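K.L.:
Below is one structure. I have some questions about it.
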Amino acid sequence: MIPKRPPAALQAAIRPLVLSLLLPALLAGCQPLQLGGLLDSGSGKKPPATAQAPVSPLEQARRALAGSNYGQAEFLAQRITDNPQTPQADMAEAGRVLAAAAARNKHPNLALSGLDKWSLAAPGADGGKEWQDLWCDALSQLSPREARTRADAVYRDTSRSFAVRGVAGIYLAVRQWEDGSLGESLPALEGLYSAAPDKNSKALLEGRLATQLSQSTPEALALAAAAVTPENRASFPYNLILIDGARRRTLNADTREAALAELEALRKEIRLADPSLFSGPPAAVTYAPVTSGPISGRPVVLVLPLSGKYGNIADKIAAGAAVACAEMSSAGTAVSLITIDSDRPDWTARLEGLPAEASVVGGPLRREDYATLKARGQLGRRAFLTFLPSLDPGDEGRVAWRFFPGPDDQVDALLRFCSGLGIDGFAALYPDEDYGRRMAGLFEQKAYAAGAKSVHKTAYTPGQPTGWLRAVGNLLAANKNPAHAGGATFRAIFLPDTWKNMDVLVPNIFYYNETRQVLLGTTLWEQDLARAPFVSPQYYSLAVFPGSWNAVRLSPAGERLQAGMLSSGKGPADFWSGLGYDFARLAAGMNVAPGSGPASVNPALRSASLDWSMAPLHWDAAGKAGQDMFLFTPTEGGFAPLDEAAFRRNFAAAWK
């Protein structure tokens with residue numbers, strides 16, 4: 001019999017009440033509620049002498065941030081900053097944690113809010129490097145139009161501090177150069193520097209401009225460099241423009257020696273408030289101009305949508321590739337990084353204009369760009385290692401290749417894990433729409449191919465959660481009678497849907513007393529869990545899902561990438577930067593002739609040996625890719641790498 005009110009609805013009704021009772025006490029730093037004390041308040045008993053002092057919510061947020069649990073850090077810090085009773089000193093620190101965590105979670109508006117609360121509670125905080133780094137990072141995650149609108153508003157607000165107006169002015173100037181116009185930006189920057197109240201303020205302006213220049217395009221730098229004259233070359237901002245140009249040229253083996261000599265000459269000529277800028281790392285992202293002439297060093301080519309709505313992702317891929325190219329150049333292998341913006345109308349012509357030795361291309365990132373290349377007959381001319389989860393039927397390993405995780409990789413990772421648990425009976429509970437049907441069908445096909453005895457499938461209607469309890473009941477063929485708890489003939493349920501829908505589906509599974517099922521998710525879970533939703537841990541001790549990036553347990557290559565990304569001001573490494581980093585190193589080592597096709601490319605990929613930063617890719621003799629994905633499990637405030645030994649113990653205990 002189906003109940004009138006499903007448990008998900010009851011849970012949704014109870015949770016706000018519980019939070020409203022507990023959160024004020026927690027956020028005010030009160031002692032945790034002790035149920036024993038409530039039941040025996042007159043006993044006069046004291047806690048044992050060995051009891052540890054409770055950890056405050058602010059300290060929990062700090063620890064979560066330090067441990068890279070950005071979802072939990074954001075969740076806790078936001079609650080603290082939203083509480084008007086939070087002391088001012090705690091408000092400043094909570095704002096800092098909120099800004100840092102939200103920036104890592106790609107929540108730019110929340111990060112900017114945290115920065116405002118930090119500087120309001122601690123005047124002068126916006127003059128520090130950490131505050132300004134986070135402000136620029138958050139701005140870069142907004143759309144270009146919104147970012148410039150916000151920066152312009154800050155720059156024009158004379159009530160704001162000199163420090164934050166300075167960083168906003170520099171941000172606007174470099175963006176203006178990237179648009180192909182100098183405008184009044186250079187005189188404005190000169191004025192900012194002249195108005196700096198002390199040497200420290202001048203050093204901050206120099207460091208901020210150096211960072212912004214290192215992340216700009218060659219075209220933007222060339223435009224600004226054209227305004228440098230013998231009269232102004234030693235003064236700000238022209239001196240930093242000269243220095244950045246020389247530092248970029250140190251990345252090219254043919255110009256490195258001359259560039260190093262130029263930097264040494266500039267060091268003697270120019271007096272900076274921050275002399276360390278002469279010896280800092282070279283620009284991390286260098287977008288080499290596309291020419292029809294010879295390329296200096298091995299070419300690494302990327303086709304990415306740099307200027308549109310996917311620009312943030314594309315920039316991370318390019319940044320990872322740039323770290324790899326700088327690393328290889330430092331080791332003595334000359335490499336040229338060439339990026340082609342597929343948002344530009346002439347991008348296919350620019351690609352056609354590449355020299356013949358640019359035989360391996362990373363990308364495209366969008367399926368429509370792949371279709372354009374295919375329609376124009378360009379796929380056969382170079383080896384395209386695409387950043388797509390799948391290609392058109394018959395294309396992979398023949399006219400193009402995959403350098404990206406696909407649906408097969410997700411299912412394979414889950415089935416391998418289940419095989420190790422001895423599971424051979426499965427179910428698939430999926431939304432009745434394209435993605436759900438496709439993933440459930442793929443899971444069924446692969447499960448039987450791997451030796452499964454049964455796969456029970458049940459669909460539910462998306463957007464109609466009131467009917468999901470019935471779908472769960474149909475799948476489990478049970479009712480609320482505990483006698484039916486062991487009725488299911490399977491031991492794992494595949495759930496190809498977003499995490500937000502798990503809050504309804506999974507409690508309904510438990511409602512039918514099926515508490516022992518292994519819950520199998522897809523990478524959709526990771527996308528939502530990265531935003532730190534509320535997770536009820538009692539439901540997910542046997543839940544697992546695949547992912548391609550393990551931020552908690554970085555490989556040696558991942559550590560190198562992380563160091564390169566942080567030193568260039570690009571923020572921590574992630575899957576997208578790892579994709580560019582691994583591609584660049586693989587492509588630079590592939591010796592395939594232009595237009596040689598699968599006869600050369602497939603063996604080269606199959607024999608490729610790489611210390612991967614992301615989950616390792618591999619190719620079979622036919623050029624079909626596979627990725628050995630990592631496994632994760634949901635936790636309070638996010639997710640964590642799967643502890644397989646602990647999972648096996650939990651599974652064995654549940655089914656004993």
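K.L.:
Starting from region 638-655, keep only residues that are touching a residue at least 60 places away in the same chain (Cβ under 8 Å), then list their pairs with residues that are surrounded by 14 or more Cβ atoms within 10 Å (Cβ to Cβ) and among the acidic types (Asp, Glu) whose Cβ atoms are within a distance under 8 Å, requiring at least 6 positions of separation or different chains.
P.N.:
Every condition considered, the pairs that remain are 639/526.
K.L.:
From 248, 208, grab the single residue that is within 29 Å of the chain's Cα centre (by Cα) and more than 24 Å from residue 155 (Cβ to Cβ).
P.N.:
248
K.L.:
Let me ask you something else. Condition first: among the acidic types (Asp, Glu), open to solvent by less than 40 Å² (accessible area, probe 1.4 Å) and closer than 29 Å to residue 223 by Cα. Can you find one or more residues in region 131-139 that meet it?
P.N.:
Looking through region 131-139, at least one residue is among the acidic types (Asp, Glu), open to solvent by less than 40 Å² (accessible area, probe 1.4 Å) and closer than 29 Å to residue 223 by Cα.
K.L.:
Here's a follow-up. Do you know which residues across region 418-468 are touching a strand residue (DSSP E or B) at 6+ places or on another chain (Cβ under 6 Å), assigned to a helix (DSSP H, G or I) and closer than 21 Å to residue 523 by Cβ?
P.N.:
Hits for region 418-468 are 418, 436, 440, 443, 444, 447.
K.L.:
Being assigned to a helix (DSSP H, G or I), open to solvent by less than 20 Å² (accessible area, probe 1.4 Å), in contact with a Phe, Trp or Tyr (Cβ under 8 Å, 6 or more places away or on another chain) and among the polar types (S, T, N, Q) narrows it down to one residue among 602, 550; which is it?
P.N.:
602
K.L.:
Shifting gears a bit: Filtering region 610-623 down to residues that are surrounded by fewer than 18 Cβ atoms within 10 Å (Cβ to Cβ) and of a type outside the set (A, V, I, L, M, F, W, C), which residue is farthest from residue 527 (Cα to Cα)?
P.N.:
620
K.L.:
Scanning for something acidic (Asp, Glu), modelled with pLDDT of 95 or more, part of a helix (DSSP H, G or I) and under 30 Å from residue 67 (Cβ atoms), does region 622-630 turn up at least one residue?
P.N.:
no
K.L.:
Quick check on region 523-535: of everything there that is under 28 Å from residue 455 (Cβ atoms) and surrounded by 23 or more Cβ atoms within 10 Å (Cβ to Cβ), which residue is modelled with the highest pLDDT?
P.N.:
525
K.L.:
Further, regarding this structure: If you take the residues of region 511-530 that are among the charged types (D, E, K, R) and more than 17 Å from residue 655 (Cβ to Cβ), which of them is farthest from the chain's Cα centre (by Cα)?
P.N.:
Going through the qualifying residues, I end up with 528.
K.L.:
Which of the following residues is open to solvent by 30 Å² or more (accessible area, probe 1.4 Å), in a helix (DSSP H, G or I), modelled with pLDDT under 80 and out of contact with any helix residue (DSSP H, G or I) (no Cβ under 6 Å at 6 or more places or on another chain): 38, 33, 26?
P.N.:
38
K.L.:
Step by step: first the residues of region 297-310, then only those that are open to solvent by 10 Å² or more (accessible area, probe 1.4 Å) and not aliphatic (A, V, I, L, M), then the one that is nearest to residue 384 (Cα to Cα). Which residue is that?
P.N.:
This residue is 299.
K.L.:
Among the residues that make up region 215-224, is at least one of them acidic (Asp, Glu) and surrounded by fewer than 15 Cβ atoms within 10 Å (Cβ to Cβ)?
P.N.:
yes
K.L.:
Give me a count of the residues in region 96-148 that are touching a Ser or Thr at 6+ places or on another chain (Cβ under 6 Å) and modelled with pLDDT of 90 or more.
P.N.:
Residues that pass the stated criteria total 2.
K.L.:
Residues to consider are 247, 233; find the one that is assigned to a helix (DSSP H, G or I) and open to solvent by 20 Å² or more (accessible area, probe 1.4 Å).
P.N.:
Only one candidate qualifies: 247.
K.L.:
Something else: Quick one: would you say residue 96 is surrounded by 24 or more Cβ atoms within 10 Å (Cβ to Cβ) and either in a helix (DSSP H, G or I) or more than 20 Å from the chain's Cα centre (by Cα) (or both)?
P.N.:
Against the criterion (surrounded by 24 or more Cβ atoms within 10 Å (Cβ to Cβ) and either in a helix (DSSP H, G or I) or more than 20 Å from the chain's Cα centre (by Cα) (or both)), residue 96 qualifies.
K.L.:
Here's a follow-up. Cβ-Cβ distance below 9 Å, separation of 6 or more or different chains: which pairs start in region 227-246 with a residue that is touching a residue at least 60 places away in the same chain (Cβ under 8 Å) and end on one that is open to solvent by 30 Å² or more (accessible area, probe 1.4 Å) and not aliphatic (A, V, I, L, M)?
P.N.:
Pairs that qualify, where the first residue is touching a residue at least 60 places away in the same chain (Cβ under 8 Å) and the partner is open to solvent by 30 Å² or more (accessible area, probe 1.4 Å) and not aliphatic (A, V, I, L, M), are 237/190; 237/193.
K.L.:
Which of the numbered conditions does residue 175 fail, given that it passes all the others? Conditions: (1) of a type in the set (Lys, Arg); (2) farther than 17 Å from residue 311 by Cβ; (3) surrounded by 13 or more Cβ atoms within 10 Å (Cβ to Cβ).
P.N.:
For residue 175, the failing item is (2).
K.L.:
Sort through 498, 489 and tell me the only one that's in contact with a helix residue (DSSP H, G or I) (Cβ under 7 Å, 6 or more places away or on another chain), among the hydroxyl-bearing types (Ser, Thr, Tyr) and either without any contact (Cβ under 8 Å) to a residue 40 or more places away in the chain or exposed (fewer than 14 other Cβ atoms within 10 Å of the Cβ) (or both).
P.N.:
The unique qualifying residue is 498.
K.L.:
Can you work out which of the residues in region 350-376 that are aliphatic (A, V, I, L, M) and in a helix (DSSP H, G or I) is most open to solvent (accessible area, probe 1.4 Å)?
P.N.:
375
K.L.:
OK, next. Only one of (1) open to solvent by 10 Å² or more (accessible area, probe 1.4 Å); (2) at pLDDT below 95; (3) under 14 Å from the mean Cα position of the chain (by Cα); (4) within 30 Å of residue 440 (Cβ to Cβ) fails for residue 575. Which number is that?
P.N.:
Condition not satisfied by residue 575: (2).
K.L.:
Name the single residue, out of those in region 184-205 being under 21 Å from residue 275 (Cβ atoms) and of a type in the set (A, V, I, L, M), that is most open to solvent (accessible area, probe 1.4 Å).
P.N.:
204
Per-residue answers, yes or no, for (1) farther than 23 Å from residue 567 by Cβ; (2) open to solvent by less than 10 Å² (accessible area, probe 1.4 Å); (3) in a helix (DSSP H, G or I):
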{"site": "111", "(1), (2), (3)": "no, yes, yes"}
{"site": "120", "(1), (2), (3)": "yes, no, yes"}
{"site": "171", "(1), (2), (3)": "no, no, yes"}
{"site": "182", "(1), (2), (3)": "yes, no, no"}
{"site": "207", "(1), (2), (3)": "no, no, yes"}
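K.L.:
Another one. Count, please, the residues in region 211-225 that happen to be assigned to a loop (DSSP other than H, G, I, E, B) and closer than 24 Å to residue 273 by Cα.
P.N.:
Number satisfying all stated conditions: 2.
K.L.:
May I ask you to verify whether residue 589 is under 22 Å from residue 609 (Cα atoms) and crowded, with 22+ Cβ neighbours inside 10 Å?
P.N.:
Criteria not met by residue 589.
The values are calculated or read from the model by the stated rules, or taken from the named source; none is laboratory data. This is a predicted model, so every value here is computed, not measured. Positions of Cβ are generated from backbone atoms using ideal geometry, with glycine treated the same way; all protein chains shown enter the neighbour counts. Areas reflect the complete protein model, heavy atoms only, side chains present, ligands, DNA and RNA absent. Shrake-Rupley method; radii C 1.70, N 1.55, O 1.52, S 1.80 Å.
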